[in-house]
Amino acid sequence: MQIETTFHLWYYTQNILKEKEVRKLNYGKTMVEFFSSAEELKQLHKIINDYNLPIKSEDTFEKQVVGVSEYLNEPTFIEARNKKRSLNIISGVIALPIIVFIVYMILGKLKVIDRGDIFKNVLDWFLAYPWAFILYAFVFASIVIAHKLIEKKMYYKIYPNLKFKLLDQLN
């Protein structure tokens with residue numbers, strides 16, 4: 001009886017530890033992606049050096065893949081990167097009014113400026129035109145989703161194809 005209880009306790013604690021490890025892996029997903037891209041960058045540098053390719057060694061993974069893409073005359077990664085950059089700029093422009101409003105409210109709270117009825121006016125405007133708020137949120141969310149989809153396509157579809165073409169061309 002004691003052995004069974006001890007075994008169940010051990011088994012239960014092992015499952016809890018595994019669940020915590022999985023949660024840690026989820027939190028560390030960004031770090032894992034960073035280190036995997038660093039590893040891929042090392043592999044690209046090794047391929048470039050081993051085969052004496054006329055590709056300049058770059059410090060960042062994305063710039064290095066652009067160099068490989070130019071070498072292979074394959075513009076898909078560069079086009080996706082340009083789309084991603086454009087979406088970054090657009091999202092910054094769209095977020096600017098919110099950032100200005102937040103700074104204005106903080107400065108008003110600190111009594112640096114007189115904020116008057118700005119909060120009431122903005123709230124009244126959103127209540128008067130709810131479609132504008134919904135459209136604004138939809139556009140912003142669409143840009144964020146499109147950015148993530150392009151990024152996923154760049155790193156998990158286009159880059160592996162480029163690497164395969166590079167290795168295929170060299171062998």
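Tabulated data
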| quantity | calculated |
| --- | --- |
| Any hit, region 72-88, residues being closer than 21 Å to L162 by Cβ, modelled with pLDDT of 90 or more and touching a Gly at 6+ places or on another chain (Cβ under 7 Å) | no |
| Filter result for the condition that a residue is among the β-branched types (V, I, T) and touching a Leu at 6+ places or on another chain (Cβ under 7 Å), over I98, I143 | I143 |
| Test for Q14: is it surrounded by 10 or more Cβ atoms within 10 Å (Cβ to Cβ), more than 28 Å from I150 (Cβ to Cβ) and either of a type in the set (S, T, N, Q) or modelled with pLDDT of 90 or more (or both) | yes |
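Residue-wise test of (1) under 30 Å from K152 (Cβ atoms); (2) open to solvent by 60 Å² or more (accessible area, probe 1.4 Å); (3) among the hydrophobic types (A, V, I, L, M, F, W, C).
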residue	(1), (2), (3)
I78	yes, no, yes
N82	yes, yes, no
K109	no, yes, no
N121	no, yes, no
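Condition check ((1) assigned to a helix (DSSP H, G or I); (2) in contact with a helix residue (DSSP H, G or I) (Cβ under 9 Å, 6 or more places away or on another chain); (3) modelled with pLDDT of 85 or more) across all residues:
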| residue | (1), (2), (3) |
| --- | --- |
| F101 | yes, yes, no |
| I106 | yes, no, no |
| D114 | no, yes, no |
| K120 | yes, no, no |
| A137 | yes, no, yes |
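The values are calculated or read from the model by the stated rules, or taken from the named source; none is laboratory data. All of these numbers come straight from a predicted model, not from anything done at the bench. Cβ sites come from the backbone with ideal geometry, for glycine too, and all protein chains shown count toward neighbours. Accessible surface is based on the protein model in full, side chains and every heavy atom, while ligands, DNA and RNA are left aside. Shrake-Rupley method; radii C 1.70, N 1.55, O 1.52, S 1.80 Å.
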